[in-house]
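Asker: There's a structure below that I have some questions on.
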Amino acid sequence: MPEGDTIHRTAAGLRPYLVGRAVLAASSTRGADVGRLIGSTVTAVDTLGKNLLIRSSNGLTVRTHLRMNGTWHRYRPAERWRLPASRAALVLEVEGAVAVCFDAPVVEVFETRAQAIHPGLAPLGPDLTDERLDVAHVVARWRDPGQAGVAIGEALLDQRVMAGVGNVFRSEILYLERVDPFAPVGSLDDRTLERLVTAAHRLLQANIGPRSRAQRSTTGGAPEAAGAPLWVYRRTGRPCRRCGTSIRAASLGRDLPRTVWWCPRCQAPRAGDGP
């Protein structure tokens with residue numbers, strides 16, 4: 001699933017070709033009434049967590065969520081698409097450009113003024129790509145009693161706490177901060193939670209520029225060169241880059257189990273972490 005940094009870069013790529021231009025045509029295969037945008041002007045292309053939001057001058061917003069397989073493409077008018085038209089979930093045509101969202105399961109139109117009560121957006125936690133992120137506020141969300149028994153590896157994916165982390169960053173962040181993925185949130189002190197939030201913020205911020213991703217990062221802070229190898233993600237059975245121990249993988253999560261990767265030595269459970 002695309003993570004917050006990917007959506008941020010996608011928005012940055014669409015913005016110069018959509019913002020300030022009138023919508024000439026719009027269609028969707030997801031049942032969204034995007035035809036209501038025709039004749040309006042695109043005023044902004046925003047992100048919130050893993051959601052991409054296209055604002056229009058008539059007070060409407062188009063929301064897409066790419067989930068696992070969705071992707072945005074941009075074409076010149078009459079240019080041949082790289083994917084079949086049958087896979088186009090949303091098509092927006094403006095003067096000089098056509099933006100096509102392929103394979104996205106979520107496409108909807110809503111009134112911009114209603115975003116504060118939108119069921120898919122209102123519950124989201126702070127966006128990790130926001131330079132003004134309040135780390136203490138995120139930690140306070142994790143201190144909710146309902147989070148105490150949740151494994152930190154699962155809690156990192158809870159978009160209600162902080163929005164933007166996906167499965168790649170989940171594994172990499174826990175490894176960088178040497179935290180056991182299965183440790184309950186309630187067993188971790190505030191300092192550890194702060195380190196996790198800060199690492200998540202740092203990595204997503206480092207990856208929102210116009211270049212390839214650089215998930216691998218030194219524990220000191222600055223990311224290594226773009227394209228550097230990942231520490232643990234999808235490295236089952238291969239030696240840890242720090243200590244040589246075989247990387248392990250397991251399913252983690254109650255509602256939507258997903259694979260997490262970790263080094264059993266570098267991320268060994270600490271006393272008080274619980275099972």
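The numbers here are math on the coordinates, done by the rules we state, and not lab data. Bear in mind that the values here come from a model prediction, so they are computed numbers and not experimental data. Using ideal geometry, Cβ is built from the backbone for each residue, glycine included, and neighbour counts are taken over all protein chains shown.
Asker: Kindly provide the helix-only [θ] at 222 nm of the chain, computed as the sum of -39,500 (n - 2.57) over DSSP H runs of four or more divided by all residues, to the nearest 500 deg cm²/dmol?
Answerer: Here the helix-only value at 222 nm equals -6000 deg cm²/dmol.
Asker: Loop-only trypsin sites (Lys or Arg not before Pro) in the range 56-138, please: DSSP not H, G, I, E or B, and at most 12 other Cβ atoms within 10 Å.
Answerer: Sites meeting the loop and neighbour criteria: ARG80, ARG82, ARG132.
Asker: Label-point separation (nm) for ARG36 and ALA116, each offset 7 Å from Cα along Cα-to-Cβ?
Answerer: Reported label-point gap for ARG36 and ALA116 is 2.0 nm.
Asker: In what sequence do CYS263, CYS240, CYS101 fall when counting other Cβ within 10 Å, fewest first?
Answerer: The order, fewest Cβ neighbours first, is CYS240, CYS263, CYS101.
Asker: Which shape class, rounded, prolate or oblate, goes with the range 4-117 when its Cα gyration tensor gives a ≥ b ≥ c as root eigenvalues, a/c under 1.5 marks rounded, and past that a/b bigger than b/c marks prolate?
Answerer: Note, shape of the range 4-117 comes out rounded.
Asker: Then there is this: Give me ASP190, ASP127 ranked fewest to most by other Cβ atoms within 10 Å of their Cβ, as a rough exposure proxy.
Answerer: Least crowded to most crowded, the residues run ASP190, ASP127.
Asker: Also, quick follow-up: Note the angle between two axes, namely the Cα long axis of helix 190-206 and the longest principal axis of the Cα atoms of the chain, as a number of degrees from 0 to 90, rounded to the nearest 10.
Answerer: For helix 190-206, the angle is close to 40 degrees.
Asker: Using the 10 angstrom Cβ neighbour count as an exposure proxy, how do GLU95, GLU194, GLU131 rank, fewest first?
Answerer: Fewest-to-most Cβ neighbours within 10 Å comes out as GLU131, GLU95, GLU194.
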